[in-house]
Amino acid sequence: MKKILIPLLVLLLICTGLSAGAEGNEELRLEVNTAKLPVYESSDPFLNGLVSENTEELPVLVIPVKKTFRIPVSVMPKSVKNKKVTLTAENPEILKVNSNGVTGQKKGETLLTIASAEDPAVMIRYRVAVIQPVTRISVIASEKSVAAGGTVTLTAAFAPEDASIQRVRWISSNEKAATVDENGTVTGVARGNARISAIAEDGSNIRANISIQVIQNPETVQLDKAEVTVDVGKTGTLKATVLPKNANDKNVVWTSSDESIATVNASGRITGLKLGECEIICTSRANGEAVAKATVHVQQPVKKVTFGEAPTVYVNETGKLTWNTEPADATNPALTFRSVNEKVLTVSEDGTVTGVKAGEATVIAMTTDGSNRQARIKVRVYQHVTGVHMKRKTAYIDLGATSSAGAILEPANATNHNMTWETADASIAKAEPVAKQKNRVNITGVSAGETTVTGTTEDGGFKASILVKVGDWEKALKITEAKVQGADALVTLKNTSELTITSVTVEVSVLDNEGKPVPCNKKDNSNTFQMVYKKTLEPGASTKEKEWKIVNYKLPESTTVHEYVVKVTEFEIDHDWIKLIRKRNQPTKKCPVHL
């Protein structure tokens, strides 16, 4: 709407000459100062529907009922002496006039004439619209909230009902949250609140406000995982993120596409019920089009792992583990294997065990389905026999006597020591394995002579032999002299055989005059000590006095030593065979003490 802001000059409607009261050639005229008057041009859109057709295109003065306006009129030129004017309303019931002002009486339309008292023909006319002003506005909204990007339309209700101008101007207090157009349509911009005001356009400045909340609806839902694997009877969890971050309602609704396979609670916790697959669907509560889905695989976990019998494994050879997983319908029965001691054995992914060195190590099997089930088995790695040889080259066996000989397996840590033994001539010697040491053989002399005893390993069939000489070997040594004088003991032995004797052991016992033991061994305090001869005795040779070594001897504390008893207990032949002399055949000599 456009007010007329400049003074209006209306000349005489009747074409006349100069006013009678005018001086010179200057015409009498009236001027109205409309700066503070609600005067509108006849073409102003504000007047649409307010006044009837204005064929004269007179300016329109809009006056509210009971509102008084002073009409500031000036009579020009200044030289005119009679400055009075008269105001006349065509319909006094609508517009009341007085000497210098007008008051709206009731709603309606009339003409106002302002005439010079000097010359009534000099006048100004206005079309006057007396209006019923708005006294109250109510704003009506279908919703008091609007989604960002959405709209809601407001309407204004006026009081009184016959208010002349029922139009408002809309404004928003926060256009970052919401805007409003001339029709009262509110558009949500961003999450927040805005106060929308409706201001009466009739000049009354009556207004009404309404608060509109702008809601940011969810646009998308995202899940932290696209796939979830849970065990039967176990649970897993999905986490949902609602975007944008400033969405008002971030609540979601969880559903399962098949609740016989898996269920989901309001927090996204999934419970596996039976083997199979289904979808877990997460939907925004505020926006049903914002949906995210995840695939759930429900598996049957392994509950128990057991091993079969341990395989037989040798160094540098392999064996295969056997095992069983329960239940039989476990989804993923695959296992991983590891050896706790790879210096003894290694194990591959398929359960093949390879021996590294002889010994024992534990193999651990672990499930791969996340159930953390495991089983353990001890696997022994054996060492094959790679060879064998006899510890002695020759066995000297007495007639009717039994001695043992041992075989040395190669390598030293070979596992299977079992051997079988046989003699080349059973009429000379018999051969039988030692009960608890199968790599040793008991050889019994049957008759004088020579034969061979051979042992064969059970593992690999390797052979080793020993020459057996059967004879009267326990009589190879003879005591030719034995005496004690003070602290010195003297023993002389003679080799009466054809053997080369490389070591002799003599046992000396000390007795008192009652035949009781007298302690003389500094190690065990017994009454016996040893004398060892380490020189070689060829056939017919005798021991020498100063070449004996006395072992663990101490002087007896008793002064009642009566005698020493000397016995030859064993000797060595050719640095090879140790000949133990049976007690009944041990050469013995009693040696009284000579003071």
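No value in this document is a laboratory result; all are computed from the given coordinates. Keep in mind it's a predicted model, so treat the numbers as computed, not measured. Because the Cβ atoms are built from the backbone with ideal geometry, glycine has one as well, and the counts that use them run over all protein chains shown.
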Practice task
Could you tell me the distance between the Cα centroids of the stretch 304-336 and the stretch 350-382, to the nearest Å?
Solution key: 8 Å
Problem - In the stretch 88-133, the trypsin sites (Lys or Arg not before Pro) that fall in loop regions by DSSP, at most 15 other Cβ within 10 Å - result: LYS106
Problem - Set of aspartates and glutamates near LYS475 by C-alpha distance (under 17 Å), chain-local residues within fewer than 8 positions excluded - result: ASP398, GLU498, GLU507, GLU538, GLU570, GLU572, ASP574
Handout entry: Sites THR220 and ASP181 - FRET efficiency at Förster radius 30 Å, r taken between beta-carbons, to 0.05
Key = 0.50
Practice task
At most 16 other Cβ atoms within 10 Å and a DSSP loop assignment: could you name the GluC sites (Glu not before Pro) in the stretch 208-294 that fit?
Solution key: GLU219, GLU259, GLU289
Practice task
Just flag the trypsin sites (Lys or Arg not before Pro) in the stretch 272-376 sitting in loop per DSSP whose Cβ has no more than 10 other Cβ atoms within 10 Å.
Solution key: LYS343
Fill in the blank from the handout: Mean projected area, convex hull of alpha-carbon positions in the chain, reported to one decimal in nm², is 64.9 nm²
Exercise for the section: Add +1 for every Lys or Arg and -1 for every Asp or Glu among the other residues with Cβ under 15 Å from the Cβ of LYS106, and state the total. Expected result: 0
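What does the charge count around THR457 come to, taking other residues whose C-beta lies under 15 Å from its C-beta (Lys +1, Arg +1, Asp -1, Glu -1)?
So the surrounding residues net to 0.
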Practice task
Sort the stretch 116-209 into rounded, prolate or oblate with this rule: let a ≥ b ≥ c be the square roots of the eigenvalues of the Cα gyration tensor; rounded if a/c is under 1.5, and if a/c is not under 1.5, prolate when a/b is larger than b/c, oblate otherwise.
Solution key: prolate
Handout entry: Cross-link partners of LYS78 among aspartates and glutamates (Cα-Cα below 14 Å; sequence separation of 8 or more within a chain)
Key = GLU23, GLU26, GLU27, GLU31, GLU118
Completion exercise
The pairs in LYS494/LYS523; LYS535/LYS579; LYS438/LYS589; LYS234/LYS304 lying past 28 Å Cα-Cα in this model are LYS494/LYS523; LYS438/LYS589
Handout entry: Proximal lysines to LYS250, defined as alpha-carbon separation beneath 25 angstrom and excluding residues fewer than eight positions away on the same chain
Key = LYS144, LYS176, LYS225, LYS239, LYS293
